[in-house]
Each structure stands twice: as C-alpha cells, then as structure tokens.
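**Q** Structure provided below as structure tokens; questions to follow.
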Amino acid sequence: KCPGRSNLERHVFWSAKASKPQTGDNGFSCLIPGNRINPDLETLFRNNIVAYNTTNPTHFGGGGVFVHGAQGRFINNTIAFNHSDKGGGIATHDGDFPTVKIENCIIYSNTTGSSHTQITGPGNFNITNTNIEGGWAGAGNIDESPLFMENTALILQDGSPCMDMGDP
C-alpha cells in the first residue's frame, strides 16, 4: 500500500502482480486510502512511474492506482501498460466520491478486460495538460501515442507529443 495522506514522490511501481483471491478482497499495485477523520486532506502523487502491473480484484481496484475515498493529486506521473478487470490505469471507489486532480501526466495503454479504460469509477476528476488515451475534456489534454522508446523504462522518443507539453 502507498502511504495515505502524505506525499509519494519519485517511486517506481513496476511489474507487480497483486491479488487476494483467497479472501475475495481487492487487488491494486498502489492504494491511496481515504481518511474519515479529515476527508479534505489531499495525497500528492508526483513524479512516479506506475507500469506493467496486473491485478485480479473480485470487488474493485486498479491495475495502476486505486483511490479509495481520498482526495488525490497526480502531477508528472506516467501510468502505463497496467491491467485490471476493474480499472486499468486509475480506479476510484467510495460513496464519498473522491476528488482526483491530474496534471501533466501520461496515462496510456492501460487495459480493463478487452478495453482500454484509463480511468474508471465515481468521483470528480479535474484533468489538465495530460496525454490520456481515449481523450478527456480539460485544458491542454491530448490523446496521442506518447512514443515511448522500445526496450526502455518508458523514455520518450524525440518528437513525442508529450515533450514540453505540461503546464508552463
């Protein structure tokens, strides 16, 4: 689990397989949990790579990141090539409808079953200056291949539409 209600910066979540089929519980590679005492606290998730993770939840979860009742802010992250039956890139769940702010990120090629669902679940999403596969309304968002170099740790090729596209 990622630490809740704190900053999580400069980490790599790579090729993890998370599941708890014996308990029928959730699966996720990184959890941002909520806080019932002070639900307005925001967890900052910045400069991370979340890639090639797989989960097999029976209830809910996310192949990349699972936001559960939290206020999350994602800045300068790459969330790519993750898979879960319940949400490929970022999944949310809670009756409190979390607020998720996403800025200057690449969210690409995450899958849910046979579809490319980058973000799924209830909540308020404010996404800007992000390359998100399938598109998302918001200032500066694009829907283009990020042009990752082959056989690298998600390094962008020259000419990538993601280079220098973030909020100036």
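**Q** Residue separation times 0.36 nm, minus the C-alpha to C-alpha distance between N126 and E150: what's the value? Kindly include the intermediate steps, with their values, before the conclusion.
**A** Values: separation 24, 0.36 × 24 = 8.64 nm, distance 3.09 nm.
Net length gain for the segment: 5.5 nm.
**Q** May I pose another question? Give, as a single signed number, the net charge of other residues whose beta carbon lies under 15 Å from the beta carbon of A80, with Lys and Arg counted +1 and Asp and Glu -1.
**A** -4
**Q** Can you figure out the FRET efficiency of E9 with Q157, using R₀ = 35 Å and their beta-carbon distance, to the nearest 0.05?
**A** Working: r = 25 Å, r/R0 = 0.72.
After rounding, the FRET efficiency stands at 0.85.
**Q** Within a Cβ distance under 13 Å of Q118, other residues only, what is the Lys/Arg minus Asp/Glu net charge? Don't jump to the answer; show the numbers that get you there.
**A** Details: positive: none; negative: E133, D143.
Charge balance in the 13 Å sphere: -2.
**Q** With a sphere of radius 13 Å drawn around the Cβ of G63, what net charge do the other residues whose Cβ falls strictly inside it have (Lys, Arg +1; Asp, Glu -1)? Could you put the intermediate results ahead of the total?
**A** Numbers: positive: K17, K86; negative: D85.
Cβ neighbours under 13 Å give a net charge of +1.
**Q** To continue, here is another question. Taking the highest mean first, how do the peptides 137-145, 85-93 order by number of other beta carbon atoms within 10 angstrom per residue? Mind showing how you got there, number by number?
**A** Numbers: 137-145: 13.7, 85-93: 26.9.
For the peptides 137-145, 85-93, the packing ranking is 85-93, 137-145.
Readers should treat all values here as calculations from the given coordinates under stated rules, not as data from a laboratory. Note that the coordinates shown come from a computational prediction; the quantities given were computed from them, not determined experimentally. Glycine also receives a Cβ, built like all others from the backbone with ideal geometry; neighbour counts cover every protein chain displayed.
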